[in-house]
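Below: one structure, written as structure tokens.
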Amino acid sequence: MVNIRDLDPSASPLDYYGFELRRLREDAKLKQGQLGEIIYCTGSLIGQIETARKVPTRDFSERLDAALGTGGLFSRLAGLVLRSQLPTWFQPYAEMEARATFISTFQCQLIYGLLQTEAYARAVLGVENPDTLDAAVAARMDRQRILARENGPVVWVVLDEASLHREIGGREVMRNQLAHLLSLRDWQWLEIQVLPFDTGQHAGMMGSFNLLRFDNDPDVHYSESYDCGHMTANLQVIRERSVGYARLQAEALSPRASAELIARVMEERYGKQPDGRVVA
């Protein structure tokens, strides 16, 4: 077991969080179990976070701040900790994404990460990262906070119809995921379009990509391969991909027709279990 006194608080945000938790808990003369009772968790969880073996959530951090009177310290640290759990090569993009005022994305296989349910994200991320799955899911869910913040970005999503039919995590997970997409249709600053199968060849044949727009910085194009991401502000790339995205929007179903297709796929493909039971 890791000895907290051997932790280097400068090694990572997670180590610093654990070091500070142990220090401030001891200053308050509380045992792990006693603090756990106050914030409604187990002493074992406190110990795992203090030894940097488990990633704290924002909810945990808020309750910790209230219990120890730390003035929001752990709530602030939680964002750094969760961001650090993203793949190293993805972190620069996540920082840009969090600052963007307009996000346009085309997704050819999966539901867009900012719109994924926790169960769907868990199924996707669990394929390659089973040992760090909880941390990876927590980090992905935390990215979604930008959608609910005041003055959040405008987001335009074009999904290939294949992303609706690819069964990720099982029928119930998919039904809930598509229901989640439908629940977002009344959001003022979010639009979802589906590019139907019968479109044929289209401007997104090379794969998924994102375009980020900022108030005071150049636009950025982002795409990724298996283990790396590529961002560029090259004007020619931005020009070509912006035109390509406009073509995708023009060929996709309208937001209303897209919602109707999502609802139809949800009911016809995922609406019933093999034994005939309707999925709640």
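The values are calculated or read from the model by the stated rules, or taken from the named source; none is laboratory data. Note that the structure is a prediction, hence the values are computed from the model and not measured. Backbone-built Cβ (ideal geometry, glycine too); neighbour counts: all protein chains shown.
At a glance:
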item: Filtered residues of the stretch 38-52 (kept if exposed (fewer than 13 other Cβ atoms within 10 Å of the Cβ) and of a type outside the set (S, T, N, Q)); result: 40
item: Failed item, numbered, when residue 86 is tested on (1) within 29 Å of residue 150 (Cβ to Cβ); (2) in a loop (DSSP other than H, G, I, E, B); (3) in contact with a strand residue (DSSP E or B) (Cβ under 7 Å, 6 or more places away or on another chain); result: (3)
item: Out of 166, 140, sole residue that is under 15 Å from residue 264 (Cα atoms) and in contact (Cβ under 8 Å) with a residue 12 or more places away in the chain; result: 166
item: Residue list for the stretch 91-123, restricted to those being farther than 24 Å from residue 151 by Cα and at pLDDT below 95; result: 108, 109
item: Given (1) assigned by TED's automatic domain parsing to the domain that holds residue 232; (2) not in a helix (DSSP H, G or I), index of the condition residue 123 fails; result: (2)
item: Selected residue [touching a helix residue (DSSP H, G or I) at 6+ places or on another chain (Cβ under 7 Å), under 23 Å from residue 141 (Cβ atoms) and either among the β-branched types (Val, Ile, Thr) or surrounded by fewer than 15 Cβ atoms within 10 Å (Cβ to Cβ) (or both)] from 86, 21, 80; result: 80
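One line per residue, one yes/no per condition, for (1) touching a His at 6+ places or on another chain (Cβ under 8 Å); (2) crowded, with 17+ Cβ neighbours inside 10 Å; (3) farther than 23 Å from residue 240 by Cβ; (4) at pLDDT below 95:
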residue: 128; (1), (2), (3), (4): no, no, yes, yes
residue: 160; (1), (2), (3), (4): no, yes, no, no
residue: 175; (1), (2), (3), (4): no, yes, yes, no
residue: 183; (1), (2), (3), (4): no, no, yes, no
residue: 196; (1), (2), (3), (4): no, no, yes, no
residue: 205; (1), (2), (3), (4): no, no, no, yes
